[in-house]
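Okay, structure first, notes after.
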C-alpha cells in the first residue's frame, strides 16, 4: 500500500512574503519617525541659536552706542545724562547676556520662578541658569589658533567681563540709572569723571568677552558652539558655528 506523502517543510531560511512586507512597512515607518525627530531637533537647535545670536548682536550695537556717547558726551548737552545713558546700555547688555544664556538652556527657562517672570533681573536669571548648567552657563572667551592639520582653541586669559565682574557691573549700573533715596545717599558715590573712565574699561571687557567665545547647549554634549565676529571692527556681525568636541581640538561640523 502506498504511504501518504508528507508535505515538505519550507526551508528554514525562507520568509513568508506577507511577513517581509509587514516588516518593511514597520521599518519605513520607523525611518520616517526618525526623520521627523531629526527635523524637529534641527528646527529646535536653529531656533535656540538664532535667539542667542540675536541677543549677542544687540549687545554689539549697544556697546557701540555706549562708545559713541563716551567719545562725545556733549551731544547730550550735560555730562550726567551722558553717563547715565552709558550705564543704561551696560544694564541692557547684561540683561541680553543673561537671557541669551537662558535661551540655550531650555530647562532653566522652564524652571524660572514666577518672581523672575515678573521682575527678571539679569543677575537672578544668570543664577538660575547656573543652577541647572553649572559648567557652561556663561560665555567663555577664546581665540582660535590656526594649526595644521587641526585648529585648536585657547582660552582668553586677559581682562574681560568675567562672571564676577558681571555682578559688579550690574550693581554699579543699577545704582547709576536709579535715582538715589534722598535720605539714604550711596556710601561710595563716584563722580561723573570717575564713572566715565570706568565705563571705557567696561566697554573693553565686554568686547573681549563676546567677540569670540564658545558655549554649550544642554542636550548636545558632543558639540561646541562658537559665537564670533564675521564682520569688521567698525561693523561687527556675529554668527554661530558648530564644532565637534575632541579634547581641546575643534573640528568643523
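Fewest to most neighbouring Cβ within 10 Å: what's the order for 228, 181?
Exposure proxy ranking, most exposed first: 181, 228.
If I model a spin label at residue 46 and residue 171 as a point 7 Å from the Cα along the Cα→Cβ vector, what separation in nanometres do I get?
Result: 4.4 nm between the two label points.
Apply the a/c threshold of 1.5 to the C-alpha gyration tensor of segment 121-169 and tell me whether it is rounded, prolate or oblate.
It comes out oblate by the Cα gyration axes.
In nm, to one decimal, how far is the modelled label at residue 237 from the one at residue 208, with both set 7 Å along Cα→Cβ?
For the pair residue 237/residue 208, the computed spacing is 2.8 nm.
Sort 215, 78 so the one with the fewest other Cβ atoms within 10 Å of its own Cβ comes first.
The fewest-first ordering by Cβ neighbours comes to 78, 215.
Taking the Cβ-Cβ separation of residue 178 and residue 132 as r and a Förster radius of 30 Å, what is the calculated FRET efficiency to the nearest 0.05?
0.50
Fewest Cβ neighbours within 10 Å first, please rank 230, 142, 59 accordingly. Please list the in-between numbers first.
Details: 230 9, 142 19, 59 22.
Fewest-to-most Cβ neighbours within 10 Å comes out as 230, 142, 59.
Each value in this text was obtained by applying a stated rule to the coordinates, not by laboratory testing. Quick caveat, the model's predicted, so the values are computed rather than measured. Because the Cβ atoms are built from the backbone with ideal geometry, glycine has one as well, and the counts that use them run over all protein chains shown.
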